[in-house]
Amino acid sequence: MKKAYVYIAAIVIVVIGVTLLLLYLSKDDTSSSNPSDLSNLVESKPLPIPPLLEDVNPDPNLAEFHLTAQHGVTEILDGIESETLGYNGNILGPVIKVHEGDRVKVVMKNDLREATTLHWHGLRVDGENDGGPHSGIKPGETWEPEFTIEQPAATLWYHPHRMHATAKQVYEGLAGLFIIEDAVSDSLPIPKDYGVNDFPIIIQDKQLDASGNMQYDPGMNDMMMGLYGNAYLVNGAISPYLEVPKGMVRLRLLNGSNGRTYHFELHNGQEFYQIASDGGFLEKPVEMTSLTLSPAERAEILVDFSALETGDEITLIDTVSELGKTISEDEVEVMKFTVTDTESEAYPIPEQLTEIDTIDPADAVVTREMVMAGVGSTLTINDKSMDMGVIDEVVNLNDTEIWEVSNKRTGVQGGMAHPFHLHGVQFQVIDRDGNPPPANETGWKDTILVEPGETVRIITTFNHKGIFMYHCHILEHEDAGMMGQYEVK
């Protein structure tokens, strides 16, 4: 009889928890972009670790990976199923891991009920392999790009880039990491045991409706400002925990959100070290206690848990902000790290990570202006909205250029920051409004956050032929036309 009472009590607790959660979601401010309370209503689960995708080709001279974009069902909340999309699974995709110099082939099958594309974000490849909106894959068809890895170790990612549908397909789950290793990463004394002390961390926010479903149903405000959800997901799970060894841990962070910029901290104020940005290692680790990541940006950080006790919990938080202003006094919990009694190898913070050849601005043969602006539903770069039939810029192969990327203060969108992404290259930041970039922006980048009224000068050399995109990586803005295309020939 006592066991029966305990069982009934457990059921009652679960029912009350779900009821409270649905009441929270059904409040008048369901569309609120503040997720500060939601994590307290969800039982924390272990962080899902995306599997490494197997190379199916026995030929040592060709690494071959198979991906299938497919429909799935995912329990974002316990017992409540949401329709999602994934690569080789219900949501998100496996990690593709390659080495500099590898010849790579990907067989991408589209099992969706709609067309899609597969874009390699941050990868230096020819335009025909970039996976932009011109490389559409119809339902039931396959796309088989083949390319050589010609860049240093980095944490990149892959996602759809279908015209006017990127935001929906990424939001519903189509995204995954693409990791490159090289001789430098092989030799550095840093954590590199995948899933043990080297972890992928894909952070996204989703909008859960009154029934607890994750659906892409953007309102006018979402289209104008970019979608801000009321739930934070890490690797597809709400407020998960990760058991970590008592020692140094490497986190590969990706902001995979449609519109939200994150400001990450550890709740105890502990410092950590950024060792890599979008396109690879920084020259030296950068000590910090706060890290800002706009949509599509990546950062690799080292966190030392060796001074903590077994069972201690450290929380990764976002100091929620929107348009540069705090919208909540609360710090939103993203995920927890639980320290185990496992002792890990000691990894002192390296004094030097790599050497980066800085591009001399005097080598630039062209300087281009890119002005992002928006009024109402009209979003433009250089006063033009995206037109698939128009090449906006023509670049000579192997030319070095400076692009001056400005965020014009016009309308509502002119009062918000825009992350600018350039396909087909990695670039370096020369300055922000004439001032040197912060230390963690001195490496290779492919996405840069441009604040209202700010001009950021970037420099790169265009080594690959073809048609490529440049755009704001707030996906609702990209879909609405804040994008252009350039051709290298």
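The values are calculated or read from the model by the stated rules, or taken from the named source; none is laboratory data. Given the structure is predicted, the values throughout are model-derived calculations rather than measurements. Cβ: placed from backbone, ideal geometry, glycine included. Neighbour counts: every protein chain shown.
Side notes on the structure shown:
- The set of residues in region 74-84 that are under 11 Å from N213 (Cβ atoms) and surrounded by fewer than 20 Cβ atoms within 10 Å (Cβ to Cβ) comprises E75, I80, E81, E83.
- Within region 127-166, the set of residues being closer than 19 Å to D446 by Cα and of a type in the set (A, V, I, L, M) comprises I149, A153, A154, L156.
The rows are residues; the columns are (1) of a type in the set (S, T, N, Q); (2) modelled with pLDDT under 95; (3) part of a strand (DSSP E or B).
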residue: G212; (1), (2), (3): no, yes, no
residue: D222; (1), (2), (3): no, yes, no
residue: Y228; (1), (2), (3): no, yes, no
residue: L242; (1), (2), (3): no, no, yes
residue: V249; (1), (2), (3): no, no, yes
residue: L253; (1), (2), (3): no, no, yes
residue: S257; (1), (2), (3): yes, no, no
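The rows are residues; the columns are (1) surrounded by 13 or more Cβ atoms within 10 Å (Cβ to Cβ); (2) within 26 Å of D130 (Cβ to Cβ); (3) modelled with pLDDT under 60.
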| position | (1), (2), (3) |
| --- | --- |
| A9 | no, no, yes |
| T19 | no, no, yes |
| D59 | no, yes, no |
| E64 | yes, yes, no |
| G86 | yes, yes, no |
| E100 | yes, yes, no |
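- R457 meets each of the listed conditions (1) closer than 24 Å to H119 by Cα; (2) crowded, with 20+ Cβ neighbours inside 10 Å; (3) not hydrophobic (A, V, I, L, M, F, W, C) apart from (1).
- Residue in region 98-105 that is in contact (Cβ under 8 Å) with a residue 24 or more places away in the chain, among the charged types (D, E, K, R) and not in a loop (DSSP other than H, G, I, E, B) present: yes
- So L208, is it buried (at least 23 other Cβ atoms within 10 Å of the Cβ), in contact with a Gly (Cβ under 8 Å, 6 or more places away or on another chain) and over 21 Å from L293 (Cβ atoms): yes
- For region 349-383, the set of residues classified as aliphatic (A, V, I, L, M) and not in a strand (DSSP E or B) consists of I349, L353, I356, I359, A362, A364, V365, listed by residue number.
- Scanning region 289-300 for any residue that is at pLDDT 95 or above, part of a loop (DSSP other than H, G, I, E, B) and surrounded by fewer than 22 Cβ atoms within 10 Å (Cβ to Cβ) turns up at least one such residue.
- Complete set of residues in region 343-362 that are modelled with pLDDT of 95 or more, in contact with a Lys or Arg (Cβ under 7 Å, 6 or more places away or on another chain) and surrounded by 16 or more Cβ atoms within 10 Å (Cβ to Cβ): L353
- Cβ-Cβ under 6 Å pairs, at least 6 apart or on other chains, region 166-191 side touching a residue at least 60 places away in the same chain (Cβ under 8 Å), far side crowded, with 21+ Cβ neighbours inside 10 Å and among the aromatic types (F, W, Y): G176/Y87; G176/Y158; L177/W157; F178/W157; F178/Y158
Residues checked against (1) under 14 Å from the mean Cα position of the chain (by Cα); (2) closer than 20 Å to M483 by Cα; (3) modelled with pLDDT under 95:
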{"residue": "Q151", "(1), (2), (3)": "no, no, no"}
{"residue": "A154", "(1), (2), (3)": "yes, no, no"}
{"residue": "H159", "(1), (2), (3)": "yes, yes, no"}
{"residue": "A165", "(1), (2), (3)": "no, yes, no"}
{"residue": "K168", "(1), (2), (3)": "no, yes, no"}
{"residue": "Y171", "(1), (2), (3)": "yes, yes, no"}
{"residue": "L174", "(1), (2), (3)": "yes, no, no"}
{"residue": "I180", "(1), (2), (3)": "no, no, no"}
{"residue": "P189", "(1), (2), (3)": "no, no, no"}
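- Residue that is farthest from F420 (Cα to Cα) [pool: residues in region 387-409 that are part of a loop (DSSP other than H, G, I, E, B) and touching a helix residue (DSSP H, G or I) at 6+ places or on another chain (Cβ under 8 Å)]: R409
- Extreme residue, surrounded by the fewest Cβ atoms within 10 Å (Cβ to Cβ), among residues of region 246-288 that are among the polar types (S, T, N, Q) and in contact with a helix residue (DSSP H, G or I) (Cβ under 8 Å, 6 or more places away or on another chain): Q274
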